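A short worksheet on the structure shown next.
The values are calculated or read from the model by the stated rules, or taken from the named source; none is laboratory data. Computed from a predicted structure; not experimentally measured. Here the Cβ is made from the backbone with ideal geometry for all residues, glycine too, and neighbour counts use every protein chain on show. Just the protein is used for accessible areas: all its heavy atoms, side chains included, with ligands, DNA and RNA removed. Shrake-Rupley method; radii C 1.70, N 1.55, O 1.52, S 1.80 Å.
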Amino acid sequence: MYIVKRILIMLLTIWVIASLTFLIMKFIPGDPFASDADVLPEEVLQNIRAKYNLDEPIAVQYVLYMKDLVTFDLGFSIQSETRSVNSIIADGAPASALLGLQALVIALALGLLLGIVAALNHNKVLDYASMFIAIIGISVPSFILAPLLIKYFAVEWGMLPVASWGTWQHSILPTLALAATPLAVIARFMRSSMLEVTNQNYIKTADAKGLSKTKLVIRHGIRNAILPVISFIGPLFVSLITGTFVIEKIFAIPGIGRYFVDSIFNRDYPVIVGTTIFFSVLLVLTLFIIDISYRYIDPRIKLTSGGE
Amino acid sequence: MKKWLVGMLILVIVAAGCSNGSSGESGADIAQEITVNAMSEPPDLDPALATDTTSGWVLDHVFEGLYTKDESGNPVLGAAENVDVSEDGKTYTFTLRDDAKWSDGSNVTAQDFEYGWKRVLNPDTGSSFAFYMYYIKGAEAYNKGDGAVEDVGITAQDDKTLVVELGAPLGYFDELLTMWTFYPVKQDLVEENNAWSAEADTYVSNGPFKLTKWAHDSEVVIEKNENYWDNSVVKLDKVTYKIVNDATTYYQMFKTNELDLIQTLPSDVLDQEKESEEYSEVPYFGTYMYMFNVEKEPFTNEKIRRAFTLAVDRETLTKNVTKSGETPAYAFVPPGVETPEGDFRETGGEYFEEDAAEAKRLLEEGMEEEGWTELPEVSISYNTAENNKKIAEAVQAMYKDNLGVDVKLENQEWKTYLDTTQQGNFQMARMGWIGVLVDPVVILDYYLGDSPNNRTNWVNEEYDQLMADAKVEQDPETRYDLLHQAEAVLMEDLPFNPIYHYTNNYLTSQNFENIVYPVNRYPYLKWAEKVSE
């Protein structure tokens, strides 16, 4: 029952997001067909508008769009007339997802490690060193870090290609640039969460029982401390795998990150709603999965629809 | 009819260090491949739908029209081997080459041309460039939904003969036919699969190269088309268009040899690269300007418009602010049009001289004429971009110094800006115009009374008449004379304030030669050859 209810709420959420996006974007001033270069006679413009149903009242456009949406047809791009929004997403998603996953793995592995090491060595050199790295990761934005990585690894030392896409070497620098900030955030999060947990009575009890240090840290420490980090990972995961405008632009990655931004500048209506729906579906799904996973990490959490 | 030449600036890069005798032989084992930067994903590789220079760059390499361009940029017969023009200049009969082939080996037929052109005109296609075909009899009516397709003057008499009837003679029809909108498409392929141009697998073309890979947002690859009739002049086996949008990134990719040719250098490296042998500046057939809204005070007054035009120091602006080798503009038509008497711009000359004192005097006179003791507040609008901002700020300072006038600056994001200016909500607004064809008509048409581009509210019957006369004039000299007269009328009234003529800058690897740099397109690689590693 709980799962069914959750799924219905998810569908409702997506419908509300799609509807709001559809309406709001129609209020942005400007015309997708406006340009300084095309001398479009009114009659031709009419024909083009009709192709995208833009000659209909907004209510009709909305109904037509929703009808297509039910069959997962997101329509055709206005900017690239021969490409459907479905194919834009299908072409761009794999590259974005690959980078996002690699970055997430690195951010999680190193972030958790740094956080744990820092917490276990509270107020010692290792703690300060870890947090120094974390602060740099947070305060250096990716549009600074990315050119720096290119300058040294690609231009000066010639170890890796500057940009573009195709081989695994191409994905290294963008992955690092993408991972830096979440890595730092995770490290700081994990550190404070871990510090909090180690002051709990059950840790002291376990310690007093003579549990080995390793078991203590893994079974009682990390397992409890990681919970708040996991709730943070959900949205992070979605934003990483759907691509980032800055990183994809600097490294010339054929992902979908830029469509979230460019579509708005181009008033490419089908792409604006299409990418928004794509993002929200992923986000809602991920949050759902995370909720379920709590159950397994922390048996105290029960999957009941009724209030506690 | 004597063929008049259409100007195009040609720059042939001569590779350094291949003056020794063995260079010819060593060329044989060098992989004939070049990697260039297209900067953005081509939105459409369908000749009927493409409207931008990036798509045009690929299309020009994979297709060929009835006319194509030679190495010096003049229109020469391409897919057609012969043309007969009727006495009255209104009927063109083209005979296609026997060896004109599609990249799949089949014959290019006159029906393919008829089908392709009528497809552009079909109102259901929604082609933005259909209006370039309005010179053809019945084309405009059909495109606007008032006429039948049968009445359009495009007829394939047999497989090899195409007859085109024009509404009136057109002096630059051959130049017009080199445009991608006039390329043929393979009829049975397109009828069968409307999305034929979206992927490389289904793509068939008839030019020097064929499309072999289109990895969206990453790269477009074209390879030598063995079925092309003139394939012996094509040296490159493969051209890769990378899609790298960030200026610093593609500059660094050039430096690490990941790219062989880049354009539009990041502004911070211009000074250091200018001395390099790899650097070149090529005039681009367009003009950067400020439009005056002649129905909004104070620009209702001609003298005040002139004052604001004379008070800009274009030399200083291009040398110290924009810095990419732009040519200061004292007229509308950019350099690059070759006429029997020489370059159109040179024979037309400059229409005004900058003069701060004169500008101040004109401003006072204009204010007196209007009975103003104080000048209405003036705002300069521009679309949000670093370059536009720098220029607007410089112009603002010049007005302060030279006219003693404080102007405000306003900027808007591009699409909003287009909307605002289209509705006439501006006094003085930045705009650029680039000619798709190298002919003064394409530039001067901008300010026709009924042009959708003319946002200034300036309508001048004499101007419109001169332009109409020029279009049907068959004699090149008289035609250019009419165009000069029209430009003079425009520059007398000054509904706009020209700032500079555009320039493209390039970095090209010295390993290549015979790359052609047209003034209205990106570099043409048909004859390019890699001569060293």
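Quick rundown of the values:
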item	result
Per-region count, region B:219-251, residues assigned to a loop (DSSP other than H, G, I, E, B), open to solvent by 10 Å² or more (accessible area, probe 1.4 Å) and within 27 Å of A:Val246 (Cβ to Cβ)	3
Flag if B:Gly105 is away from chain A (no Cβ under 14 Å), touching a residue at least 24 places away in the same chain (Cβ under 8 Å) and assigned to a loop (DSSP other than H, G, I, E, B)	yes
Output for region B:499-526, where each listed residue is part of a loop (DSSP other than H, G, I, E, B), of a type outside the set (Lys, Arg) and either open to solvent by less than 30 Å² (accessible area, probe 1.4 Å) or free of Cβ contacts under 8 Å to residues at least 24 places away in the same chain (or both)	B:Ser509, B:Ile515, B:Tyr517, B:Pro518, B:Val519, B:Asn520, B:Pro523, B:Leu525
Of all residues in region B:114-139 being assigned to a helix (DSSP H, G or I) and within 21 Å of the chain's Cα centre (by Cα), the one that is farthest from the other protein chains (Cβ to nearest Cβ)	B:Trp117
Counted residues, region A:21-41 - those being in contact (Cβ under 8 Å) with a residue 24 or more places away in the chain, of a type in the set (Val, Ile, Thr), open to solvent by 40 Å² or more (accessible area, probe 1.4 Å) and not in a loop (DSSP other than H, G, I, E, B)	0
Any hit, region A:242-250, residues being farther than 30 Å from B:Asn37 by Cα, open to solvent by less than 50 Å² (accessible area, probe 1.4 Å) and more than 14 Å from chain B (Cβ to nearest Cβ)	no
Elements of type helices (runs of 4 or more DSSP H) contained in region A:183-283, each with 3 or more residues being acidic (Asp, Glu)	none
Counted residues, region A:1-14 - those being loosely packed, with under 14 Cβ neighbours inside 10 Å and closer than 29 Å to A:Tyr52 by Cα	2
Residues of region B:190-207 satisfying the condition of being within 12 Å of chain A (Cβ to nearest Cβ) and either in contact with a Lys or Arg (Cβ under 6 Å, 6 or more places away or on another chain) or under 16 Å from B:Val220 (Cα atoms) (or both)	B:Trp196, B:Ser197, B:Ala198, B:Glu199, B:Thr202, B:Tyr203
Boolean, B:Asn82 is modelled with pLDDT of 85 or more and open to solvent by 50 Å² or more (accessible area, probe 1.4 Å)	yes
Long-range neighbours under 6 Å by Cβ, at least six apart or interchain, first residue without any contact (Cβ under 8 Å) to a residue 24 or more places away in the chain within region A:278-301, second assigned to a helix (DSSP H, G or I) and among the basic types (Lys, Arg)	A:Ile301/A:Arg295
Subset of region A:125-159 (residues that are within 13 Å of another protein chain (Cβ to nearest Cβ), free of Cβ contacts under 8 Å to residues at least 60 places away in the same chain and open to solvent by less than 30 Å² (accessible area, probe 1.4 Å))	A:Leu149, A:Ala154
Selection from region B:409-430 of residues that are closer than 17 Å to B:Asn497 by Cβ, surrounded by fewer than 23 Cβ atoms within 10 Å (Cβ to Cβ) and of a type in the set (A, V, I, L, M)	B:Leu409
Residue under evaluation A:Val44, criteria (1) within 14 Å of another protein chain (Cβ to nearest Cβ); (2) open to solvent by 40 Å² or more (accessible area, probe 1.4 Å), criterion not met	(2)
Hits in region B:252-265 - residues which are within 11 Å of another protein chain (Cβ to nearest Cβ) and either open to solvent by less than 60 Å² (accessible area, probe 1.4 Å) or in a loop (DSSP other than H, G, I, E, B) (or both)	B:Gln252, B:Met253, B:Phe254, B:Thr256, B:Asn257, B:Glu258, B:Leu259
Selection status of B:Gly424, within 28 Å of B:Asn387 (Cβ to Cβ) and either within 14 Å of another protein chain (Cβ to nearest Cβ) or part of a loop (DSSP other than H, G, I, E, B) (or both)	yes
Residue among B:Thr240, B:Thr212 that is of a type in the set (Val, Ile, Thr) and within 11 Å of chain A (Cβ to nearest Cβ)	B:Thr240
Only one of A:Val85, A:Val105 that is hydrophobic (A, V, I, L, M, F, W, C), more than 10 Å from chain B (Cβ to nearest Cβ) and open to solvent by 50 Å² or more (accessible area, probe 1.4 Å)	A:Val105
B:Asp46 open to solvent by 10 Å² or more (accessible area, probe 1.4 Å), out of contact with any Leu (no Cβ under 8 Å at 6 or more places or on another chain) and not small (Gly, Ala, Ser)	no
Set A:Asp55, A:Asp68: member being part of a loop (DSSP other than H, G, I, E, B), without any contact (Cβ under 8 Å) to a residue 12 or more places away in the chain and open to solvent by 50 Å² or more (accessible area, probe 1.4 Å)	A:Asp55
Matching residues, region A:160-193, being of a type outside the set (Ser, Thr, Tyr), more than 21 Å from the chain's Cα centre (by Cα) and within 14 Å of chain B (Cβ to nearest Cβ)	A:Leu160, A:Pro161, A:Val162, A:Ala163, A:Gly166, A:Gln169
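So that you can scan it fast, the table gives a plain yes or no per residue for (1) more than 14 Å from every other protein chain (Cβ to nearest Cβ); (2) touching a Phe, Trp or Tyr at 6+ places or on another chain (Cβ under 9 Å); (3) open to solvent by less than 30 Å² (accessible area, probe 1.4 Å); (4) assigned to a loop (DSSP other than H, G, I, E, B):
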| residue | (1), (2), (3), (4) |
| --- | --- |
| B:Leu437 | no, yes, yes, yes |
| B:Asp450 | no, no, no, yes |
| B:Trp458 | yes, yes, yes, yes |
| B:Ala468 | yes, no, no, no |
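Residues checked against (1) part of a loop (DSSP other than H, G, I, E, B); (2) open to solvent by 20 Å² or more (accessible area, probe 1.4 Å):
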residue: B:Val269; (1), (2): no, no
residue: B:Tyr290; (1), (2): no, no
residue: B:Pro298; (1), (2): yes, no
residue: B:Thr316; (1), (2): no, yes
residue: B:Lys360; (1), (2): no, yes
